[in-house]
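No value in this document is a laboratory result; all are computed from the given coordinates. In this text, all values refer to a predicted model and were calculated from it rather than measured experimentally. For neighbour counting, all protein chains shown are included, and Cβ atoms are generated from backbone atoms with ideal geometry for every residue, glycine included.
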Amino acid sequence: MHFEDRFSLVSLIKSFGKEKNICKVRGIGAKILEEDLITKDIHVATCLLNAYAKCGALIEAQEIFEQILAPDVVSWNALIAGYVQNGLANEALQCFKDMKDEGVSPNVVTYTCILKACGSIGCLDIGEWIHSEIGRRPGLLAKEVALSNTLVDMYAKCGVMEKALEVFDDIPVPDVVSWNALIVGYAQNGLGEEALSFFCRMRDEHITPDAFTFSCVLKACADVGALEMGQEIHVEVSKQGLVERDIVLGTTLVDMYAKCGLFKKAQEVFKALPGEDIVSWNAIMAAYVQVGQARKIFRLFRQMMAEGVDATSDIVAFLLLLTVCSHAGLTKEGQMVFERMKTVYCLSPTLDHYTCMVDLLGRAGQFYNAVCILEHAPSSCDRIPLLLALMGACYKWVNVELGKWAFKQSVELDEKCEAAYVCMGNIYAVAGMHSEAEKLDALRMRNDIACKIPIHLLVD
């Protein structure tokens, strides 16, 4: 490949990146490096950087970036976007700081990427600073609806719906993405009624909802028990043929009916779904969880496997099984699921799986086994949820000594762990050790830990 083939070369790189074909990207990358095009052509270099990032090869993307003699805003944006797309928000924020330190001025793409990073990790202070910086460019938000939409989404993910609405109201002509960002924000922050209200307002404004809108609204219906509206939406999406084309929407319908208590309807929708995937199977299994049909979950799981649905890489299904076992007191079954998950399906349990197992064994009074699970959890796991689950079991069985051990471990990891004080206070209270509970409260106050959680919060 030669420099004069620049257009074809760039097209090829973009194509491989879009396919996320890392082998082809590395192959063409080797030829580009061989001809020293990284230092000669910043556009080719940036395209290659972007392709590596799309494939999740961030180390190689960074290496390409470092070889660019004078990175421009497009090059910086490609690297920042790569970090954001691959869930590395903190790295994206550091990259943005480095970019500013190098004197490169951010553009709309930069701001959009950084706001997404802020939203993903709840970094409100930097998000607000970006907002103020954008505000120093008059007319930018009014002209760039996509940037405004990202701002709405950032504030919503940070739980500041007042600011999200403020930005939304300043958009001259909100599009469907604008409305979706606002509606999702209210739904995700537990404000289902507000989400439904804005959906009605959206329709009054003659904005046509898309499948994503309907999915979000159905989730809100499920949260607030708005069955009638959920049924109306079901009729509408069925007329439009959306359920047949969008498995996510169909799955959300299953979940909505289950949470509203119409279990037979949830089953009906599930059976009508074209080509059920692991997500829809998880939804119907979750529905059985809600109605307390524990044994049925295992039959469904076996049926799912028999029908050829690939659950071997899915961790949600196993978490559902473990949750059912924990709440139904199926200790042996839960232990079997956990072991088969590791040995038969070669899946690495997450923090949630380990926490569920500690809860399962703790509920059964098997403290030795619960502690063994806790201590065998990977070092990368956050220990505090595991310790809190153990303390919950100590409350149930009035095991003060083990509770004290778990409390000590928790505060060593995080001296301001509010939930640990709550759990230990519960244990002392149920054991009738009121003087110890008072001492604990005094210690909490000395450590300046504002106890916002009611003392009974973790009591099951």
In debye to the nearest 20, the charge dipole size for the chain, taken about the Cα centre with +1 at each Lys and Arg Cβ and -1 at each Asp and Glu Cβ, equals 1280 debye
To the nearest Å, what is the center-to-center distance of the stretch 187-219 and the stretch 352-409, using C-alpha atoms only?
-> 40 Å
Where Lys and Arg each count +1 and Asp and Glu each count -1, what net charge lies around residue 18 among other residues with Cβ under 13 Å from its Cβ?
-> +3
Along the charge dipole of the chain, which of 390, 148, 190 sits closest to the positive end, that is, farthest toward it, with unit charges on the beta carbon of Lys, Arg, Asp and Glu (+1, +1, -1, -1)?
-> 390
On a 0 to 90 degree scale, rounded to 10, what angle separates helix 367-376 from the longest Cα axis of the chain?
-> 20 degrees
Which angle between 0 and 90 degrees, to the nearest 10, do you get for helix 42-54 versus the longest principal axis of the chain when only C-alpha atoms count?
-> 20 degrees
Answer rounded, prolate or oblate for the stretch 174-274, using the Cα gyration tensor with square roots of eigenvalues a ≥ b ≥ c: rounded when a/c is under 1.5, else prolate when a/b is larger than b/c, else oblate.
-> oblate
Arrange the peptides 375-382, 329-336, 193-200 so that the one whose residues have, on average, the most other Cβ atoms within 10 Å appears first.
-> 193-200, 329-336, 375-382
Of the listed values (i) 21.4; (ii) 26.7; (iii) 25.1, grab the one calculated as mean projected area of the Cα convex hull in nm² from the structure here.
-> (ii)
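Around residue 374, what is the net charge, scoring Lys/Arg as +1 and Asp/Glu as -1 over all other residues with Cβ under 13 Å from its Cβ?
Net local charge, residue 374 excluded: -2.
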The stretch 123-140 to the stretch 74-122: how many Å between their Cα centroids?
-> 14 Å
Acute angle (nearest 10 degrees) that the helix 278-290 long axis makes with the longest principal axis of the chain, alpha-carbon atoms = 30 degrees
Around residue 428: net Lys/Arg minus Asp/Glu count, Cβ-Cβ under 13 Å | -1
In what sequence, highest mean first, do 117-127, 240-250 appear when ranked by Cβ atoms within 10 angstrom?
-> 117-127, 240-250
Among 29, 224, 139, the residue whose Cα sits farthest towards the positive end of the charge dipole of the chain (+1 at Cβ of Lys and Arg, -1 at Cβ of Asp and Glu, taken about the Cα centre) is 224
Would you mind working out the magnitude of the charge dipole of the stretch 174-274 relative to its Cα centre, with +1 at each Lys and Arg C-beta and -1 at each Asp and Glu C-beta, to the nearest 20 Debye?
-> 360 debye
Residue 442 paired with residue 200, simple spin-label distance in nm, labels 7 Å along Cα-to-beta-carbon = 5.5 nm
Using a basic spin-label model with each label point 7 Å from the Cα along Cα→Cβ, how many nm lie between residue 396 and residue 342?
-> 2.1 nm
